[in-house]
Amino acid sequence: QVQLVESGGGLVQPGGSLRLSCTVSRSIFEINDMGWYRQAPGKERELVGHITSIGTTNYADSVKGRFTLSRDNAKNTLDLHMNSLKPEDTGVYYCNAVLKIVVTGNYRFREVWGQGTLVTVSS
């Protein structure tokens, strides 16, 4: 089965930087869009950034100019570079991938989630 493994979370001071990495393993299907989401305590999960298979990105307004997505299709990895971190960036960050599954000439999409990595921004 396909699984997504996240790494890179930890404790960082305001204004600092972190890089989160997501690796997709055991995939025998084409990976379409990927993204990072986050969830703060007591809040709903929200989109941080999204990237297509050809590298087109979009970001939440709250992270534009500070966060950058990149993917390596040969290695099936997705990175989130986070700069100028703020306390409100604190939360569990989840990697997301959409798989394109072809069956008898037709296709459908399957969404897969990682288990999350904790980011804490505090002085």
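The fraction of Cα-Cα pairs per 5 angstrom bin, counted from 0 for the range 3-123, comes to 2, 11, 22, 24, 18, 11, 6, 3, 1, 1, 0, 0 percent, rounded to whole percents. With 0.36 nm allotted per residue and the present C-alpha distance subtracted, the residue 60-residue 29 stretch has 8.4 nm of extension available. Residues whose amide H comes within less than 5 Å of that of residue 16, counting only those at least five positions distant or on another chain, are 85 (H built at 1.01 Å from N in the peptide plane). Rounded to the nearest 0.05, the FRET efficiency derived from the C-beta distance between residue 5 and residue 68 at R0 = 25 Å is 0.75.
Name the GluC sites (Glu not before Pro) in the range 22-106 that are in a loop by DSSP and that have at most 11 other C-beta atoms within 10 Å, would you? Loop-located and lightly packed - 44. Note: relative contact order over the range 62-123, using C-alpha pairs below 8 Å and six or more positions apart, is 29 percent. Where in the chain is the longest stretch that carries no trypsin sites (Lys or Arg not before Pro) classed as loop by DSSP and with at most 11 other Cβ atoms within 10 Å? For trypsin sites (Lys or Arg not before Pro) (loop position, at most 11 other Cβ atoms within 10 Å), the longest site-free span of the chain is 76-123. All alpha carbon pair distances within the range 1-50 were sorted into 10 Å bins beginning at 0; the resulting P(r) in whole percents reads 18, 45, 29, 8, 0.
Take every Cα pair under 8 Å in the chain that's 6+ residues apart, average their separations, divide by the length, and report that relative contact order as a whole percent.
Numbers: 296 pairs, mean separation 42.9, N = 123.
The normalised contact order for the chain reaches 35 percent.
Springs join every pair of Cα atoms under 10 Å in this Gaussian network model of the chain, and among 55, 42, 91 the largest mean-square fluctuation is at 42. Within a straight-line Cα-Cα reach of under 29 Å, residue 43 can be paired with the following lysines, leaving aside sequence neighbours fewer than 8 residues apart in one chain: 64, 86.
Excluding same-chain neighbours fewer than eight residues apart, the lysines reachable from residue 100 by a Cα-Cα span under 26 Å are 75.
Each residue, residue 45 and residue 111, gets one label point 7 Å from its Cα in the Cβ direction; the gap between the two is 0.7 nm.
If R0 is 30 Å, the Cβ-Cβ spacing of residue 83 and residue 52 corresponds to a FRET efficiency of close to 0.85.
Given a 1.4 Å probe and every protein chain left where it sits, what share in percent of the accessible area of the range 1-54 is carbon and sulfur? It would help to have the intermediate numbers written out before the result.
On the way: 1510 of 3140 Å².
Using a 1.4 Å probe with all protein chains present, the range 1-54 comes out at 48 percent carbon and sulfur.
Quick one: among 33, 89, 61, which has the greatest mean-square fluctuation in a GNM of the chain with alpha-carbon springs under 10 angstrom? Taking springs between Cα atoms under 10 Å, the residue moving most is 61.
The values are calculated or read from the model by the stated rules, or taken from the named source; none is laboratory data. None of these values were measured; they are calculated from a predicted model. Glycine gets a Cβ as well: all are built from the backbone with ideal geometry, and neighbour counts include every protein chain shown. Keep in mind that these areas ignore ligands, DNA and RNA; they rest on the heavy atoms of the full protein, side chains included. Shrake-Rupley method; radii C 1.70, N 1.55, O 1.52, S 1.80 Å.
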